[in-house]
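The values are calculated or read from the model by the stated rules, or taken from the named source; none is laboratory data. Computed from a prediction, not measured in an experiment: that's the story for all the values here. Reconstructed Cβ throughout: ideal geometry from the backbone, glycine too, with neighbour counts over all protein chains shown. Surface areas here come from the heavy atoms of the whole protein model, side chains and all, with no ligands, DNA or RNA. Shrake-Rupley method; radii C 1.70, N 1.55, O 1.52, S 1.80 Å.
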Amino acid sequence: SDLKLGKFPQSKVVAPSLINELKITHPDEKGIYHLHGLEFFEINKNFYFIEPIKWKVLKYSCIDGKYHYLLTTKEVLIRKGPMNPENVVKVPHDDRPWEYFTKEENEYVSLYKYSDIRKWLINDFYAFAFNENEQKVICTALVDNSADSTSDETTIFATVDTEDKVFLLSYRDRKSVV
């Protein structure tokens, strides 16, 4: 089953005349451009249509008479902006060049709990994509970030579980619903 919930920049604007109109239009306080009854957002000097997010229901359950759904987007959503390099320091391990620490947490950025993508999802994405009524129906989920949730049970990147309203599916989540 599919459903629509929330909205987010998705399709790139390619029409030169529309791009030119958007360039002389001013965004609102949230950075949204309004033109011809449509909404647009600028990411890295490109404009995108703000469209309803299409979700695929992966699984559902009924708990205390309420239905709970695990959803995934049908399309890959564009992430606004790169990791903030001012909050990250390189770990001085030449044998592990992929490891970075966050300055404020003193934890590995590659650990999901402290990752930039998790911060973006639970803060920026959630606030932008869902209106107040939609936010009320989104449940908090206990997200398993243990080694068991990965394809490598000996990984050093396992971390404590988190409680999030939006999150990336783990390897185990994805495999269990395919």
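In debye to the nearest 20, how big a dipole does the stretch 12-57 give about its Cα centre with +1 on each Lys and Arg Cβ and -1 on each Asp and Glu Cβ?
In debye, rounded to 20, the stretch 12-57 gives about 260.
For L38, tell me the accessible area in Å² from a 1.4 Å probe, rounded to the nearest 10.
Near enough 80 Å² of accessible area.
Under a plain spin-label model, where a point goes 7 Å from the Cα along Cα-to-Cβ, how far apart in nm are L169 and T72?
0.2 nm
With label points built 7 Å along Cα→Cβ from the Cα atoms of C62 and D2, find their separation and express it in nm.
Label-label distance for C62 and D2, simple model: 2.6 nm.
Could you rank I24, I50, I117 by how accessible they are, 1.4 Å probe, largest area first?
Numbers: I24 140, I50 20, I117 50 Å².
So the residues, ranked largest to smallest area, are I24, I117, I50.
Which value, in Å² rounded to 10, gives the accessible area of Y60 with a 1.4 Å probe and all protein chains present?
150 Å²
FRET efficiency for A127 and E21, Cβ-Cβ distance as r, R0 = 41 Å, nearest 0.05?
The pair A127/E21 has a calculated efficiency of 0.90.
Go through 30-37, 4-11 and give me the packing order, highest mean Cβ count within 10 Å leading.
Order by mean packing, descending: 4-11, 30-37.
5 Å is the cut-off here: which amide hydrogens, built 1.01 Å from N in the peptide plane, fall below it relative to I53, excluding neighbours closer than 5 in sequence?
L5, G6, K7, F8
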